[in-house]
Amino acid sequence: MGPPNKSIPANKSIQANKSIKANQANQANPAKAVQLDDVSKAIIEQLQSDGRRSYAEIGKAVGLSEAAVRQRVQKLTDSGVMQVVAVTDPMQLGFYRQAMVGIRVSGDTTTVAERLAEIAAVDYVVLTAGSFDILAEVVCENDEHLIELLNKEIRGIPGVHSTETFVYLKLQKQFYNWGTR
C-alpha cells in the first residue's frame, strides 16, 4: 500500500459512500430531485464564487438574514445538494502525480466503485457508459506511488478486469462555478 494521503480526511470513505448513494438515488428517480427556489440557487452561486463569503454578506446579496442563510446552507449540505470544501492544488501539497484510471469490470460495477471510493488516493469515482465501466481519478505523491496503487490496490479489487491509466501532464482548467439551472 502506498503512503497515506495526508490531505484526505479519515472519514472520506463515509463521505464518498454517502455521495455515491445520494447520486444513485437522484439519478434513479430524477422526479425526486431537489427543487431549488431562486434564493437557494443564488446562495449556491454566491458560495461558488467565493466559498469563504460570510453568511451576512450572502444575506445582503440574496435578501435574507444571516440566520436564514445559515439554515438554508445547512439544509443544502445535509440534503447532499452541495458541499463547501477547500479545493487544493495537489502539486503544492507534494502530490506530483495525478491520473485518470479507466476501469473495465466484470460483475457488479457498483460494488467495485464502492471499494474504489474507500481508497485514500482516489478522489473521484464515476460509473460510465462506453469503453470503461468506471473512471477513477487518483492523486499520488510520485510515479512509484501510482504503480503501487494500481498494482496492489485497484487491480486487486475483485471484479476489476482491466485498467488503462491516463497520466495528467498539465491541468489546463478546473472550475466548480457552473452555477445552477
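Since every read-out is calculated from the coordinates, none of them should be taken as a lab result. Since the structure is predicted, the reported quantities are computational estimates derived from the model, not experimental observations. Note that each Cβ is placed from the backbone with ideal geometry, even for glycine, and that neighbours are counted across all protein chains shown.
Working from label points 7 Å from Cα in the Cα-to-Cβ sense, the residue 100 to residue 70 distance is 4.1 nm.
Order by neighbour count: 147, 134, 157, fewest other Cβ atoms within 10 Å first, most last. Walk me through the numbers before you get to the answer.
On the way: 147 14, 134 22, 157 17.
With the fewest neighbours first, 147, 134, 157 line up as 147, 157, 134.
By definition, a body whose alpha carbon gyration tensor gives a ≥ b ≥ c is rounded when a/c is under 1.5, and region 35-78 falls into this rounded group. Residue exposure proxy: 132, 166, ordered by other Cβ atoms within 10 angstrom of their Cβ from fewest to most, comes out as 166, 132.
What FRET efficiency would be calculated for the residue pair residue 34, residue 148, taking the C-beta separation as r and a Förster radius of 35 Å, to the nearest 0.05? Don't skip to the answer; put the middle values down first.
Details: r = 40 Å, r/R0 = 1.14.
The formula returns an efficiency of 0.30 here.
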